[in-house]
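Below is one structure, written out as structure tokens; the observations come after it.
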Amino acid sequence: MKIKYIFLFLVILSIFSITSFSQTTFEPIGQPTIQQAEDQSTVSWLSLVNETCKTCLEGEKTKFDISITNTAGKEFIVRSAALVDSSGIVFASGNINLILPASEIKYFSLDSVLPPPTRGKTLYYTLCLSLSVDGSTTQSCENTVRRMVIQSNIETNLLIIYIILSIILVVNTVFFLLFLRKIEKKSR
């Protein structure tokens, strides 16, 4: 009879550990600093970046939808754009050649294979543009460090293995309890 309670305790413990494992987050405290290219022009702009993945997995293809607002008061051309992680690695880029009149908003997309997170489960990155203004080209990076949560493939695979092993434990426990019940009935 004591064995029965021990196995019941193990089943409850495995169910509890599954739910607590799936809710664990590894968010870092604070944001890392990023060395950004200096804005050598008088161009000012605002941006909005949205990734299209719902659950973003490392190595998964995704699209970044980007809007640029010209706040400079004069027309400029966005020659190219890049998303750069906090270690300076470009993980999405493209030639844009988009004319952006003063006070207007334009939209474009960049496709990328998601890199591994830069810290914990979080990818820290910034948007950089190559801009042409008054005949000269300059590099300009936004001051905002963006972040997105990325699940690594290893983490996802470990969770799947953990769930499968827990299910096997539960099934084995149920069969063992049925076996014990059968033995108890025979002994009576």
Burial-style ranking of 53-63, 110-120, average other-beta-carbon count within 10 Å with highest first, yields 110-120, 53-63
Amide H contacts under 5 Å for ALA72, restricted to residues at least 5 apart in sequence or on another chain and with H modeled in the peptide plane, are SER44, SER103
Residues whose modelled amide H sits under 5 Å from the amide H of THR122, counting only those 5 or more places away in sequence or on another chain, are ILE150
Sorted on mean Cβ neighbours within 10 Å (highest first), peptides 130-136, 181-187, 68-74 come out as 68-74, 130-136, 181-187
For segment 45-150, one quarter of the surface area of the C-alpha convex hull, expressed in nm², comes to 6.2 nm²
For the SER47, LEU159 Cβ pair and Förster radius 22 Å, calculated FRET efficiency rounded to 0.05 is 0.05
The convex hull of the Cα atoms of segment 126-188, divided by residue count, gives a volume in Å³ per residue of 87 Å³
For segment 45-150, the dipole about the Cα centre with charges only on Cβ (Lys and Arg +1, Asp and Glu -1), to the nearest 20 debye, works out at 220 debye
The extension gain from VAL174 to ILE105, computed as 0.36 nm times the residue separation minus the Cα-Cα distance, is 18.7 nm
Under the Karplus relation with 6.51, -1.76 and 1.60 and θ = phi - 60°, whole-Hz ³J(HN,Hα) for segment 47-62, x at Gly and Pro, equal 9, 9, 10, 10, 7, 8, 7, 7, 10, 7, 10, 4, x, 7, 6, 8
Interchain or sequence-distant (5+) residues whose placed amide H lies within less than 5 Å of the amide H of GLU58 are GLN151, SER152, ASN153
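We did not get these values from a lab; they are worked out from the coordinates using the rules stated. These numbers were taken from a predicted model, which means no experiment stands behind them. FYI the Cβ positions are ideal-geometry reconstructions off the backbone, even for glycines, and counts take in every protein chain you see.
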